[in-house]
Amino acid sequence: MRAITLLMAGSIYSACTLAQPPATELGSMPAEELFPKVEFIFEERVHLAPAVVQGETAMGHRQYIPITGGTIAGPRLNGRVIPGGWDYQLRYAGGCGTLSADYFLEADDGTIIHILNESFSCGAPGQGGQRSFFRPRFEAPEPYDWLTRGTFVASLELDTSGEARDENGNRVPAIRIKFYEIK
């Protein structure tokens, strides 16, 4: 039995090595065709309520920002940000912090999509500061299950356009988040 197991393991190893590119020295630059590709899929303009500040805790400065709505536009997804999500923020004493935004989207066809955006960053986000990147995770039924199965990165910036408005036409604070699929 042991001989059969070793023979099978050797066959699997041989098949895997035949499909691999030639070995390179550890740490050497991979060929350009092996680099991940990035494809822009959509952008959100997320409307925000004022921050609710918990204040200083044993973990750091804690606050959350209610998500009050927004719009989605792009080549692979269009729709709206459903009001009612939260952007949880924790800023550490050293200037670094975490963000965890948990909310729902509604595609133009009515499909509901859950999104959890998470990040860890140091420095000042937004204009004039460090660019903020996120690791979004989606939970979506068909025909958007490609979001659930894919790997994504997102970037955030403050929306200074003045175009973010509530249902009464009043300007509201907003951010813009661009989503990219890694292929």
- The ³J(HN,Hα) series, computed from each phi in region 167-180 with the Karplus coefficients 6.51, -1.76 and 1.60 at θ = phi - 60°, rounded to the nearest Hz and given as x for glycine or proline, is 5, 9, x, 7, 5, 10, x, 8, 10, 10, 10, 9, 10, 10
- Which residues qualify? For G69, with a placed amide H closer than 5 Å and at least 5 residues away or on another chain, they are H47, G84
- Note, S161: beta-carbon cut-off 11 Å, +1 each Lys/Arg, -1 each Asp/Glu, net +1
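Can you give the local net charge around V53? Use residues other than it whose beta-carbon is closer than 12 angstrom to its beta-carbon, Lys and Arg +1, Asp and Glu -1.
Working: positive: R62, R91; negative: E56.
Here the count lands on +1.
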- A73: net charge of surrounding residues, Cβ under 12 Å, Lys/Arg +1, Asp/Glu -1, itself excluded? +1
- Item | Within region 97-115, backbone nitrogen closer than 16 Å to the virtual label 7 Å beyond the Cα of E142 toward Cβ | 111-112
- Message: What distance in nm lies between label points placed 7 Å from Cα along the C-beta direction at A58 and N168?
- Response: 4.3 nm
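By how many nm would the segment from R76 to S155 lengthen if fully extended, with 0.36 nm per residue of separation less the alpha-carbon distance? Display every interim value, and only then the final one.
Values: separation 79, 0.36 × 79 = 28.44 nm, distance 1.70 nm.
Between R76 and S155, full extension yields an extra 26.7 nm.
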- Note on the structure: Residue by residue through region 142-152, the couplings from Karplus 6.51 cos²θ - 1.76 cosθ + 1.60 with θ = phi - 60°, in Hz, x for Gly and Pro, are 4, x, 9, 5, 4, 5, 5, 8, x, 10, 9
- Spacing of the two label points (7 Å from each Cα toward its C-beta) at D108 and K178, in nm: 2.1 nm
- Message: Sorting check: for 35-41, 171-177, which peptide has the highest mean count of neighbouring beta carbons within 10 Å, and how do the rest follow?
- Response: 171-177, 35-41
- Note on the structure: Descending packing, highest mean Cβ count within 10 Å first, for 102-115, 59-72 is 59-72, 102-115
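Rule-based calculations on the coordinates, nothing more; no lab input. What you see is a predicted model; the values in this text were computed from it and never measured. Note that we place each Cβ from the backbone using ideal geometry, even for glycine, and neighbour counts take in every protein chain shown.
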